[in-house]
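Visitor: For reference, the structure I am asking about is given below.
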Amino acid sequence: AHRFMNHKAYGFSDPKDDHVVTAIEYQEVILACKYPKKTVSSRLEWKKLGRGISFVYYQQALQGAFKDRAELIDFSIRIKNVTRNDAGKYRCEISAPSEQGQNLAEDTVILEVLVAPAVPSCEVPSSALSGTTVELQCQDKEGNPAPEYTWFKDGIRLSGSPKLDAQSTNSSYTINTKSGTLQFNTVSKLDSGEYSCEARNSVGHRKCPGKRMQVDDLNISGIIAAVVVVALVISLCGLGVCYAQRKGYFSSIMYYVLCIMTCFHEHDFKGIFYH
């Protein structure tokens, strides 16, 4: 814990006079302290404000994470290799003896760190039925400022207005560039393809790998045929079990269940339903 002496102090601080400094992550920035001139008797402290107060410069030495990547220039601090964790509000406090007592002054600086997007997380369904509503999602949680999103189909950018998109014959999709969603109100087979998304802000941009979405029509005639086949198989199995029971081969209804399970073992009707 640090102990402070009480002095008769003169000076002022204007909280409305905060100034904002913007830096790009992994570059450098200078946090300037507005004070006329450093003197031999001046005492300087830099603090980072937040839920608690942490020292940045104290007892003529840089502290903590700033020790190896910052330097003092008069009353200002030059931070090398700025990170997003450095963002926040800083205060420099300067005290110097005078005839009236201890003269105090302070200045506050708000540091904003701009961060490029990471590779966005893209959710693209591998398959869909034509005529249904399908939503693709794209999200980045690191970019600052928040990125805007662009969707691509087979490497070609999808415009925000599908009616103006010469590469698409489906005019039923909408893109939310803020949330990153691509929604097909009524998806069609023409929408099958490889989809990817790009997150972009003023610092940089990243793109997720493409994922394929296959859209198929529902085969109504195939479904009817499958239902008929299933009904016939169940009927034949039922007749067989009844005949066997009358002959005394089975003594439990569980054999009926086993028969049906056997009749359907490894039958694949997948190709009947879709095409």
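Visitor: What are the residues in segment 202-220 that are at pLDDT 95 or above, open to solvent by 80 Å² or more (accessible area, probe 1.4 Å) and not charged (D, E, K, R), if any?
Guide: If the condition is that a residue be at pLDDT 95 or above, open to solvent by 80 Å² or more (accessible area, probe 1.4 Å) and not charged (D, E, K, R), then 202, 205, 209 are the ones that fit.
Visitor: Determine the pairs where a residue that is at pLDDT below 80, located within segment 99-118, has a partner that is open to solvent by 20 Å² or more (accessible area, probe 1.4 Å) and hydroxyl-bearing (Ser, Thr, Tyr) with Cβ atoms under 9 Å apart, the partner being 6 or more residues away or on another chain.
Guide: Close Cβ pairs (under 9 Å, with a partner that is open to solvent by 20 Å² or more (accessible area, probe 1.4 Å) and hydroxyl-bearing (Ser, Thr, Tyr)) amount to 100/10; 101/10; 102/10; 103/10.
Visitor: Here's a follow-up. Across segment 12-34, which residue is modelled with the highest pLDDT among those that are within 17 Å of residue 104 (Cβ to Cβ) and open to solvent by 60 Å² or more (accessible area, probe 1.4 Å)?
Guide: So in segment 12-34, the residues within 17 Å of residue 104 (Cβ to Cβ) come out as 12-15, 17, 33-34.
This time we only want the ones that are open to solvent by 60 Å² or more (accessible area, probe 1.4 Å), so: 12, 14-15, 17, 34.
Numbers: 12: 38, 14: 44, 15: 45, 17: 59, 34: 80.
By that ranking, first place goes to 34.
Yes or no, residue by residue, for (1) over 21 Å from the mean Cα position of the chain (by Cα); (2) at pLDDT below 95; (3) among the aliphatic types (A, V, I, L, M); (4) closer than 30 Å to residue 85 by Cβ:
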| position | (1), (2), (3), (4) |
| --- | --- |
| 140 | no, no, no, yes |
| 145 | no, no, no, yes |
| 170 | yes, yes, no, no |
| 233 | yes, yes, yes, no |
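Visitor: Right, something else. Basic (Lys, Arg), surrounded by fewer than 17 Cβ atoms within 10 Å (Cβ to Cβ) and assigned to a strand (DSSP E or B), is that true of residue 89? Show your work before the answer.
Guide: On the way: basic (Lys, Arg): yes; surrounded by fewer than 17 Cβ atoms within 10 Å (Cβ to Cβ): yes; assigned to a strand (DSSP E or B): yes.
Yes: the conditions hold for residue 89.
Visitor: Same structure, new question: Suppose we filter 125, 147 for residues that are in contact (Cβ under 8 Å) with a residue 40 or more places away in the chain and either open to solvent by 20 Å² or more (accessible area, probe 1.4 Å) or of a type in the set (A, V, I, L, M, F, W, C) (or both); which single one remains? Give the steps one after another, and end with the answer.
Guide: Details: 147 fails: either open to solvent by 20 Å² or more (accessible area, probe 1.4 Å) or of a type in the set (A, V, I, L, M, F, W, C) (or both).
From the options 125, 147, the qualifying one is 125.
Visitor: Now a separate question. Of all residues in segment 55-77, how many are assigned to a strand (DSSP E or B) and farther than 13 Å from residue 31 by Cβ? Quick ask: steps written out before the conclusion?
Guide: As a first pass, look at segment 55-77 and keep what is assigned to a strand (DSSP E or B): 55-58, 61-62, 70-73, 76-77.
The next check asks that each one be farther than 13 Å from residue 31 by Cβ; those that pass are 55, 58, 61.
Residues flagged as assigned to a strand (DSSP E or B) and farther than 13 Å from residue 31 by Cβ within segment 55-77 amount to 3.
Visitor: Keeping to segment 110-149, report how many residues are part of a strand (DSSP E or B) and among the hydroxyl-bearing types (Ser, Thr, Tyr).
Guide: 3
The values are calculated or read from the model by the stated rules, or taken from the named source; none is laboratory data. Computed from a predicted model, the values in this text were never measured in an experiment. Virtual Cβ from ideal backbone geometry, glycine too; neighbours counted across all protein chains shown. These area figures cover heavy atoms from the full protein model, side chains too; ligands, DNA and RNA do not enter into them. Shrake-Rupley method; radii C 1.70, N 1.55, O 1.52, S 1.80 Å.
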